[in-house]
Amino acid sequence: MSDQVTFRGGGFAPKRVRGLGVLVFVLLIAFAEWGTRSGMISALTLPRPSDVLGTFVELWQSGGLFKHLLPSLSRLAVGATLGVIAGVSVGVMIGLFAYARAGLVPLVAAIFPIPKIALLPLFVIWFGIDEASKYALIAFGTFTPTVVATYAAVDNVDRTLIRMGQSFGLTWWSIVRKIVLPGAMPGILSGLRISLNIAIILLVAAEMLGAQYGVGAYILEAGSLYDLERLFAGVVILSVLGVAVSSVIGMVERRLLRWRV
Amino acid sequence: MDLKLDAVTHRYSDVDVLRDISLDIPSGKITCIVGPSGCGKSTLLRLLGGLEKPTEGAVRQVGSPPEGCLNALTYVFQDFALLPWRTVEGNVALVLEDHKLPDQAAIIADVLARTRLTDFAGALPKQLSGGMKQRVAIARALAVNPAVMLMDEPLSALDSQTRELLMDDLVGLWTKQPFTAVYVTHNLAEAVRLGHRIVVLSRRPGEVREIVEIDTALDERAHGDAGLEAQQQYLWGLMREEAAAADAELMNV
């Protein structure tokens, strides 16, 4: 008897598969298009994808797209930057100092589950109805997940490397800058994937009050008029933003984390 | 510069790890410390370099470190402790950057040449074999021109062939330019190849059991030398029972 030995290894290792992600989108959209055309899905349930595309093209041609997109992007950029910088700083402090950890971890745990949208009126009172309250809301929303990801990442930095730094007489600041921060970078970046998406979610919330232009304002207006085509055109913009953020982080990871095995 | 242990006793909570150890580390020689597992060899090394404080007694430096010494007591770790995000060159530069030296590039070039790593200056640690990683760590230690090198089982993570090659490298480095080292190991073959003095510790609590001096010059000790073999047998005779007892003890913990 000479049976071939059965192969039972393989798997459990992520590989890059090109094009499959796009295919899933195409199939879903094609299904919606087919369903709405054949009448299986009623026009009230879901707008027809081709109509959404038409609305989108119209929005672009009228110049409305950039009128809405640019204010949103700047709110997102300013708010997320503030939140991420504050979050990484506080997270590193919690990771490094016992007092900061003991004092701040419960506070972060307490503010993490608050829906930041609920605090919008408060921010309007504190920072005014203009841009500042929108920045604050987005910053606050990105802050907590960034803190949690950062201090977990700092905790995971290889202690033997820190001991090595100490044994060579490196200054405290050198150890933080050259050993702790690069070592925590993988964890910080994967935290950013979450916190930047939360920033996009909060963008819509921030534009609920006192925003004439912005993707969020556009979606909310369409929603209150039950204009599903425009609503979906706005939602698509947010999705594209999400995909863009994710691929930018992916690029940054490939660049900064080339050293990883 | 010599190092001196003065009646050092060390405890973790209420377990005595080291008891009443007095020892001189003479400069220009390699002092090996051997002993059964769990006897406190590595703890002793951590005390010597100031990474831990002795419960009783003191570790003293006698004399001043040599000129141009940037870090008198310098470790070489068993697990290499290289920064994976820095190249070979960058890992050596790490320990020099804080000193803002005008000739940093020259120092790096010199130590990389001495450890035969010049061609790999731009490689990342993940691209290197274990033996090369440890040579980078040795280059990094040499770069700060240490008074005493504290080597914690530096070859234990390597396979036996690489270990032979690295021992030859260390002998070559020492012969060209003698350095002072404390070399902790559980491998008696390494101890008799590299040690001018071999300190045998007893099992926990570690005490100095015997100090063996080997007079043969380092570069005359070859692999499989009969005299060394005899020394190694002698050391093993000293340790054998205790090693067995230490082994049994671990199971009861």
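The values are calculated or read from the model by the stated rules, or taken from the named source; none is laboratory data. Keep in mind it's a predicted model, so treat the numbers as computed, not measured. Note that we place each Cβ from the backbone using ideal geometry, even for glycine, and neighbour counts take in every protein chain shown. These accessible areas exclude ligands, DNA and RNA; they are computed on the full protein's heavy atoms, side chains included. Shrake-Rupley method; radii C 1.70, N 1.55, O 1.52, S 1.80 Å.
Remarks
- From largest to smallest, the equivalent ellipsoid semi-axes obtained for the protein assembly as shown from the alpha-carbon gyration tensor read 62, 27, 22 Å.
- A simple count of charges around A:Met40, restricted to other residues whose Cβ falls under 13 Å of its Cβ and scoring Lys, Arg +1 and Asp, Glu -1, yields +1.
- Candidate residues B:Asp79, B:Asp98: accessible-area rank, largest first, probe 1.4 Å: B:Asp79, B:Asp98
- For the pair B:Arg60 and B:Ala248, the difference between a 0.36 nm per residue extended length and the Cα-Cα distance amounts to 64.1 nm.
- Within the straight-line cut-off of under 27 Å between alpha carbons, the lysines reachable from B:Lys4 are B:Lys29, B:Lys41, B:Lys53, B:Lys176, sequence neighbours fewer than 8 places apart in one chain being disregarded.
- With a 10 Å cut-off around each Cβ of B:76-89, the average count of Cβ atoms from other chains is 4.
- Farthest towards the positive end of the charge dipole of the range A:65-256, among the residues A:Phe140, A:Leu76, A:Val105, is the Cα of A:Val105, using unit charges on the Cβ of Lys, Arg, Asp and Glu.
- Counting charges near A:Phe168 (Lys, Arg +1; Asp, Glu -1) among other residues having Cβ under 14 Å from its Cβ returns a value of +2.
- Surface calculation, 1.4 Å probe, protein heavy atoms: A:Thr142 sits at approximately 0 Å² accessible.
- Structure-based [θ]222 nm, chain A - -39500 (n - 2.57) summed over DSSP H runs of at least 4, per residue, nearest 500: -24500 deg cm²/dmol
- For A:Ile85, A:Ile188, the ranking by accessible surface with the largest value first comes to A:Ile85, A:Ile188, using a 1.4 Å probe.
- Largest-first ordering by accessible area, 1.4 Å probe, given options A:Ile41, A:Ile138: A:Ile41, A:Ile138
- Listed by chain and number, the aspartates and glutamates whose C-alpha is less than 13 Å from the C-alpha of A:Lys134, apart from same-chain residues fewer than 8 away, are A:Glu207.
- With K and R counted +1 and D and E -1, the other residues having a Cβ less than 12 Å from that of B:Leu188 yield a net charge of 0.
- Three-way shape call for chain A based on the alpha-carbon gyration tensor, with the a/c threshold at 1.5: oblate
- DSSP-defined antiparallel bridges as percent of all bridges, the protein assembly as shown, nearest 5: 50 percent
- Computed over chain B, the per-residue total of -39500 (n - 2.57) for DSSP H runs of n ≥ 4 gives a 222 nm mean residue ellipticity of -12000 deg cm²/dmol, rounded to 500.
- Calculated FRET efficiency for the pair A:Phe12/A:Leu53, C-beta based, R₀ 41 Å, to 0.05: 0.55
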